[in-house]
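Asks: Before I ask anything, let me first share the structure, which is written out below as structure tokens.
The values are calculated or read from the model by the stated rules, or taken from the named source; none is laboratory data. The structure presented is a predicted model; accordingly, all values stated were derived computationally and were not measured. Cβ placement follows ideal geometry from the backbone for every residue including glycine, while neighbour counts extend to all protein chains displayed. These area figures cover heavy atoms from the full protein model, side chains too; ligands, DNA and RNA do not enter into them. Shrake-Rupley method; radii C 1.70, N 1.55, O 1.52, S 1.80 Å.
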Amino acid sequence: MSLHPSSATSAATSAATSAATSAAPAAEGRKPMSLPRLQAMHGAREPIAMLTCYDASFAALLDSAGVDVLLVGDSLGMVVQGESSTLPVMLEQMAYHVRCVARGNRYAWLVGDMPFGSYQASLPAAVDAAVVLMRAGAQMVKLEGGAWLAPTVQALVRAGIPVCAHLGLTPQSVHALGGYRVQGKDEAAAATLRSDAQALQGAGASMLVLEMVPAPLAAEITAALPIPTIGIGAGNGCSGQVLVLHDMLDVYPGRRPRFVRNFMAGSAGIRAAVEAYVAAVRDRSFPAAEHSY
């Protein structure tokens, strides 16, 4: 994703491993997240906290810190592998990282990104690729694109695979979009996003990521849909928020996007930073106006 984003330093990895060895008291009595619970949170306007995750140690830390949803994003191509985009990421690499995260996770809902080229060729190819991620431990798959993907969403849902759609800035289409730009700024583009959102939800998508979309438009789409929306650079009117882990911990060496807040600033450590993120999402203090478009 921009949901873009170098691998963590050895100190960060050590801290994550240490923190992951002891469950937070808040985990006592906690039940595993489920689709019905996510739907209920959307209905009750209870914000959903999502972060990307790529390994078992951070999965355990994020899970015990109260993160609701872990996204094994193809952003790993940038923050873990050092690529300049998400396009080189392969299905087998995604499955490896999904498997790692699943081993460290206990309660959070686990979403796996379907990488570029794994679902565009045909419906059977898309189902086969999604099965690989589900067998690795994903509970839902995410794919990028508009209404043209409705038949793919339908095929996946018929196969018993929950789907998270992704609209707005879709990093796998970065070259077609002309770069990492805000989407839906004019009325024609906004109308297309509204229509795409309805088509994908109608096809069976159970969640929708809105990336780099003007905040008023994202709030409008959220209010019109019966499924949760997760924003990244889309204002605080969405059902929840997501950031790339390496961005919010300020360890990615690239330029920090406007929608990112450095939660390590003023925090005692990684766990405290993650807990601060969850709290800020819950009370809607993040994202603030300066993180939105």
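Asks: If packing is taken as the mean number of other Cβ atoms within 10 Å per residue, what is the order of 196-205, 53-62, highest first?
Replies: Working: 196-205: 20.4, 53-62: 25.6.
Going from most to least packed, we get 53-62, 196-205.
Asks: Counting only Cα, what are the radius of gyration and maximum Cα-Cα distance Dmax of the chain, in Å?
Replies: 17.2, 51
Asks: So, one more: From the backbone phi of the stretch 240-248, what are the Karplus-calculated ³J(HN,Hα) couplings (6.51 cos²θ - 1.76 cosθ + 1.60, θ = phi - 60°) in whole Hz, Gly and Pro given as x?
Replies: Listing the rounded values in order: x, 9, 9, 9, 6, 3, 5, 6, 6 Hz.
Asks: Could you state, as a whole-number percent, how many of the C-alpha pairs of the stretch 34-101 are farther apart than 13 Å?
Replies: Result for the distance tail: 67 percent.
Asks: Provide the descending list of Cα extents for the stretch 131-234 along its principal axes, expressed in whole angstroms.
Replies: Cα spread of the stretch 131-234 along its principal axes, largest to smallest: 40, 29, 21 Å.
Asks: Kirkwood hydrodynamic radius of the stretch 152-293 from all distinct Cα pairs, in Å?
Replies: It works out to 15.9 Å.
Asks: On the full set of protein chains, 1.4 Å probe, figure out the accessible area of K142 and give it in Å² to the nearest 10.
Replies: 0 Å²
Asks: For the chain, with all protein chains present and a 1.4 Å probe, just round the carbon and sulfur fraction of the accessible area to a whole percent. Could the numbers behind the result be given before it?
Replies: Numbers: 6110 of 11130 Å².
On the chain, the fraction of accessible area on carbon and sulfur atoms equals 55 percent.
Asks: Oh, and also: Would you mind counting up the charge near T52? Only other residues with Cβ under 10 Å from its Cβ, with Lys and Arg at +1 and Asp and Glu at -1.
Replies: The answer is -3.
Asks: Run the Debye formula on the Cα coordinates of the stretch 187-246, all scatterers equal and no solvent, and tell me log10 I(q)/I(0) at q = 0.22, 0.24, 0.30 1/Å.
Replies: -0.80, -0.94, -1.33
Asks: Using every pair of alpha-carbon atoms in the stretch 219-293, split the distances into 5 Å bins beginning at 0 and state the percent of pairs per bin, rounded to integers.
Replies: 3, 17, 26, 25, 17, 8, 4, 1
Asks: Same structure again: Can you list, largest first and rounded to whole Å, the semi-axes you get for the stretch 44-194 by taking the square root of 5 times each eigenvalue of its Cα gyration tensor?
Replies: 24, 18, 17
Asks: Given a 1.4 Å probe, how much area per residue of the chain is accessible, in Å²?
Replies: 38 Å²
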